[in-house]
Amino acid sequence: SGLWPVKMDPGQIDQILVNLCVNARDAIAGVGKVSIETSNATLDEAYCGERPGFVPGEYVLLAVSDDGCGMDKDTCEKIFEPFFTTKGLHEGTGLGLATVYGIVKQNDGFINVYSEPGRGTTFKIYLPRHASEAKEGETNGKAPLPAGKGESVLFVEDDASILLLGRQMLDSLGYRVFAASSPAQALDIVRERQGAIDLLITDVVMPEMNGRELAERARAIHPAIKTLFMSGYTANAIAHRGVLDPGVHFIPKPFSKVEMAAKVREAIEAQ
């Protein structure tokens with residue numbers, strides 16, 4: 001609902017969807033689920049500064065998720081190379097994702113992949129909003145961001161660049177920030193500062209334990225702590241796997257400073 005338009009060849013959208021859905025299907029052994037989602041997305045300079053080739057602006061997001069076998073980091077780094085494939089002989093050409101990448105770049109967009117072995121995969125494609133179709137009455141005026149009031153926030157993320165970005169955003173918004181690169185480190189901080197952490201912001205998929213388990217353990221130490229979950233996977237894909245309950249506070253990655261400011265206030269002020 002309310003999706004912005006993009007200007008590109010409809011046949012190319014077909015190619016993107018066919019290639020991503022075929023890959024998703026092949027990643028699933030037996031019965032599984034493939035989700036296709038769309039939404040509007042605004043990326044700011046803070047996020048794009050950490051991602052070479054990404055340009056701030058307004059985009060339409062097309063996400064394709066599966067709950068299949070997933071991929072490790074080394075595989076994720078190679079999947080857009082022509083002729084690279086994890087499939088057996090005569091089962092794949094290795095050109096499907098290279099084609100998707102080429103189409104996205106041709107249309108001045110970019111693509112992210114989030115995957116963990118055994119935990120499925122989400123491809124997120126960002127296509128530039130067709131500017132001439134901006135709705136009447138829209139302005140470029142920037143409303144002030146909802147700021148913090150000195151509350152303490154624990155930010156947990158195993159990706160070093162996102163950990164740094166999140167910490168800088170929260171600090172500039174007026175929060176007292178504690179950063180942890182693992183669930184174990186996060187729990188140590190909660191124990192040390194019992195009663196002094198207002199909000200836990202945690203990645204959902206991490207090596208030691210998932211974000212839900214971390215939140216439960218943190219609440220066992222400090223029952224009043226509130227939680228905001230974040231992930232590169234879509235909220236629907238995570239809910240389907242039973243990792244998160246529907247209706248929890250959630251922010252998708254990548255996130256802008258505007259989105260982070262709004263979601264943090266929403267989580268802190270929730271009853």
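Computed values, structure above
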| read-out | value |
| --- | --- |
| Extreme residue, nearest to the chain's Cα centre (by Cα), among residues of segment 55-75 that are within 20 Å of Asn236 (Cα to Cα) and among the β-branched types (Val, Ile, Thr) | Val64 |
| Residue check, Ala239 closer than 24 Å to Glu192 by Cα and not charged (D, E, K, R) | no |
| Asp108 being in contact with a Lys or Arg (Cβ under 7 Å, 6 or more places away or on another chain), open to solvent by 30 Å² or more (accessible area, probe 1.4 Å) and modelled with pLDDT of 90 or more | no |
| Odd one out for Gly68, checked against (1) assigned to a loop (DSSP other than H, G, I, E, B); (2) more than 25 Å from Ser256 (Cα to Cα); (3) open to solvent by 40 Å² or more (accessible area, probe 1.4 Å); (4) not aliphatic (A, V, I, L, M) | (3) |
| Selection count, segment 169-195, where residues are out of contact with any Lys or Arg (no Cβ under 9 Å at 6 or more places or on another chain), open to solvent by 30 Å² or more (accessible area, probe 1.4 Å) and of a type outside the set (Asp, Glu) | 8 |
| Those residues of segment 196-221 which are assigned to a loop (DSSP other than H, G, I, E, B) and either surrounded by 17 or more Cβ atoms within 10 Å (Cβ to Cβ) or of a type in the set (A, V, I, L, M) (or both), in sequence order | Ala196, Ile197, Asp198, Val204, Val205, Met206, Met209, Asn210 |
| Tally, over segment 167-193, of residues that are more than 21 Å from Arg219 (Cβ to Cβ), in a helix (DSSP H, G or I) and not aliphatic (A, V, I, L, M) | 4 |
| Test for Ala235: is it of a type in the set (A, V, I, L, M), at pLDDT below 90 and buried (at least 17 other Cβ atoms within 10 Å of the Cβ) | yes |
| Pairs, first part of a loop (DSSP other than H, G, I, E, B) in segment 128-155, second modelled with pLDDT of 85 or more and of a type in the set (S, T, N, Q), C-beta under 8 Å, six or more apart | Arg129/Asn40 |
| Filtered residues of segment 1-56 (kept if of a type in the set (Lys, Arg) and either farther than 22 Å from Asn107 by Cα or surrounded by 14 or more Cβ atoms within 10 Å (Cβ to Cβ) (or both)) | Arg25, Lys33, Arg51 |
| Criterion (within 23 Å of the chain's Cα centre (by Cα), over 15 Å from Phe54 (Cα atoms), open to solvent by 60 Å² or more (accessible area, probe 1.4 Å) and at pLDDT below 90) met by exactly one of Leu145, Leu97 | Leu145 |
| Output for segment 6-54, where each listed residue is under 17 Å from Leu127 (Cα atoms), modelled with pLDDT of 85 or more and under 17 Å from the mean Cα position of the chain (by Cα) | Ile36, Glu37, Thr38, Ser39, Asn40, Ala41, Thr42 |
| Pick from segment 46-65, criterion part of a helix (DSSP H, G or I) and of a type in the set (A, V, I, L, M, F, W, C), ranking: farthest from Gly32 (Cα to Cα) | Ala46 |
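Yes/no per residue for (1) over 17 Å from Ala46 (Cα atoms); (2) in contact with a strand residue (DSSP E or B) (Cβ under 7 Å, 6 or more places away or on another chain):
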position: Leu165; (1), (2): no, no
position: Gln168; (1), (2): no, no
position: Ser181; (1), (2): yes, no
position: Gln185; (1), (2): yes, no
position: Asp198; (1), (2): yes, yes
position: Thr202; (1), (2): yes, yes
position: Met209; (1), (2): yes, no
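The values are calculated or read from the model by the stated rules, or taken from the named source; none is laboratory data. What you see is a predicted model, and the numbers here were worked out from it, not measured in a lab. Positions of Cβ are generated from backbone atoms using ideal geometry, with glycine treated the same way; all protein chains shown enter the neighbour counts. The accessibility values were calculated without ligands, DNA or RNA, using every heavy atom of the protein model including side chains. Shrake-Rupley method; radii C 1.70, N 1.55, O 1.52, S 1.80 Å.
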